[in-house]
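Asks: I have a structure I would like to understand better, so I am pasting it below and will then ask my questions one at a time.
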Amino acid sequence: MNHGEEKKAQLIEAQRKHLEAASNAREYMNQCINLARKSLSVDSSIKLQNVKPLTGPAIAHYGFDFAQQLHYPYDPQQPGPIYFKTPQKCGLFGVCCAAFPMQVNYLIDEACATSKGANAVVSYLHHFLEYYGLGEKKLILHADNCSGQNKNNIMIGYLIWRCVTGRNEEIEMNFLIAGHTKFPCDLHFGYLKKKTRRTKLSSLGDIEQAVNTSAKGNMCLLVGKQDGTMVVPVYDWANFLEVKKIVGIKRYHQFSMTMNKVGVVTMKVLCDSKVKLDHVMMTTIKEELPQLILPAGLSLQRRKYLAKEIREFCPPSTRDLVCPIPEEDEEETECAAKRPRVMR
């Protein structure tokens, strides 16, 4: 399409501003990591573990993201017929502390998955901060711009809830500019993908071992076991947090909240914007945890598919674990036919 000179100038200027904003956002992220690294250098004994809130370093920085899912059974020398089939799936969610550097990778087996939406993301992040957090006073987070998973009212409401319940004094949530979202999590994902591509994977345990040995800075945590038993709980944050929605949330890239401003979030369009906007997001805040969401598990149709199409590619030792043959008289259970249930 041919544009006039004025239109071309406008497009060029818009592109220049976009690249400048992306560059500033990345520079700010690096500054945050350096601040966290300097804060950690005060005490060399600090490590990722369950620390009492507000007893750790002044500042800590974490990034979190989903990676492309893995499949198993998998063989580097892939048998031709399996190329067109869909083996067992394993989701991958990572939370990285770049100041160490160290990343906890959550392996989400297909049978234990609830969704990849806000409830799951907030629950995994909550689990990390509760069991692997440093007890920091100021928490700085970075993530990409995915509105369904990260940039949404549930995530912002959860961070306000953390401040009000005394888990952090101050929290800052930053979102990278769309199209420029490569950050430390991707480095650790690269290490484990390089390892898993060259490793024969027959079960969830094989993936766990591959991730743990992929790099010094990678550690693995199973969200659930092969039989569907949950290890990391997923909570119903969406119905628990009574939030007043932020209008036009996608245009903002930085959100901050403190103990002193109960239920209030301060928003900025860009990390270096001078204009700030306060929004009263929550007036009623409960201190207890939300109700649990139980995974639906594999449907009978999916289990039959795995037994018929994938079982032959599993070694004999893991066939009954990964692709068991359903009983002839087994019927579709109600929980497998419906969406994930909330445990009352």
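Asks: Accessible area of Val234, 1.4 Å probe, to the nearest 10 Å²?
Replies: Only protein atoms counted, so the area is about 0 Å².
Asks: Further, regarding this structure: Using a 1.4 angstrom probe and counting only protein chains, how large is the accessible area of Lys244 in Å², to 10?
Replies: 130
Asks: What trypsin sites (Lys or Arg not before Pro) does the range 44-144 have in DSSP loop regions with at most 16 other beta carbons within 10 Å? Don't jump to the answer; show the numbers that get you there.
Replies: Working: sites: Lys47, Lys85, Lys89, Lys116, Lys137, Lys138; in loops: Lys47, Lys85, Lys116, Lys137.
Passing both the DSSP loop test and the Cβ count: Lys47, Lys85, Lys116.
Asks: Given Cβ point charges of +1 (Lys, Arg) and -1 (Asp, Glu) and nothing else, what value in debye, to the nearest 20, does the dipole of the range 32-169 about its Cα centre take? Working shown, then result.
Replies: On the way: 12 positive and 9 negative charges, 67 e Å.
In total the dipole reaches around 320 debye.
Asks: If packing is taken as the mean number of other Cβ atoms within 10 Å per residue, what is the order of 189-195, 310-316, 12-18, 109-115, highest first?
Replies: Details: 189-195: 17.4, 310-316: 15.4, 12-18: 10.7, 109-115: 22.1.
Top to bottom by mean Cβ count within 10 Å: 109-115, 189-195, 310-316, 12-18.
Asks: Out of Thr284, Tyr158, Cys146, whose Cα points farthest toward the positive end of the dipole of the chain (charges: +1 Lys, Arg; -1 Asp, Glu; placed on Cβ)?
Replies: Going by the charge dipole, the pick is Cys146.
Asks: Quick check of the Kirkwood formula: for the chain, what is the inverse mean of 1/r over all pairs of different Cα atoms, in Å? Mind showing how you got there, number by number?
Replies: Working: mean 1/r = 0.0456 Å⁻¹.
For the chain, the Kirkwood estimate is 21.9 Å.
Asks: Still on this structure, please answer the following. Report the charge-dipole magnitude of the chain in Debye, nearest 20, computed about the Cα centre from +1 at each Lys and Arg Cβ and -1 at each Asp and Glu Cβ. Can you show the working numbers first?
Replies: Details: 45 positive and 36 negative charges, 201 e Å.
For the chain, the charge dipole is close to 960 debye.
Asks: Moving to a separate point now. Might you report the magnitude of the Cβ-based charge dipole of the range 154-211 about its Cα centre, with Lys and Arg at +1 and Asp and Glu at -1, to the nearest 20 debye? Please list the in-between numbers first.
Replies: Values: 9 positive and 6 negative charges, 106 e Å.
Here the range 154-211 has a charge dipole of around 520 debye.
Asks: Follow-up. If the limit is 23 Å between Cα atoms, which of Lys116/Lys193; Lys52/Lys138; Lys225/Lys286; Lys116/Lys245; Lys138/Lys216; Lys225/Lys304 go over it?
Replies: Values: Lys116/Lys193 20 Å; Lys52/Lys138 14 Å; Lys225/Lys286 31 Å; Lys116/Lys245 21 Å; Lys138/Lys216 27 Å; Lys225/Lys304 20 Å.
Beyond 23 Å: Lys225/Lys286; Lys138/Lys216.
Asks: Kindly rank 253-260, 280-287 from highest to lowest mean number of other beta carbons found within 10 Å of each residue. Intermediate values should be presented prior to the final figure.
Replies: Numbers: 253-260: 19.5, 280-287: 13.2.
Packing order, densest peptide first, comes out as 253-260, 280-287.
Asks: Once you have the Cα-Cα distance between Glu312 and Lys245, take 0.36 nm times their residue separation minus that, and quote the gain in nm to one decimal. If you can, show how the numbers build up before the last one.
Replies: Values: separation 67, 0.36 × 67 = 24.12 nm, distance 5.01 nm.
Taking 0.36 nm per residue and subtracting the Cα distance, the gain is 19.1 nm.
Asks: Where does the chain land at 222 nm, in deg cm²/dmol rounded to the nearest 500, when only DSSP H runs of n ≥ 4 count, each adding -39500 (n - 2.57), divided by all residues? Could the numbers behind the result be given before it?
Replies: Numbers: 9 runs with 103 residues, N = 344.
My calculation for the chain gives -9000 deg cm²/dmol from helical runs alone.
The values are calculated or read from the model by the stated rules, or taken from the named source; none is laboratory data. Small disclaimer: the values here were computed from a predicted structure and weren't measured. Heads up, the Cβs are rebuilt from the backbone with ideal geometry, glycines too, and the neighbour counts pull from every protein chain shown. Each accessible area value is taken on the protein alone, full model and side chains, heavy atoms only, with ligands, DNA and RNA left out. Shrake-Rupley method; radii C 1.70, N 1.55, O 1.52, S 1.80 Å.
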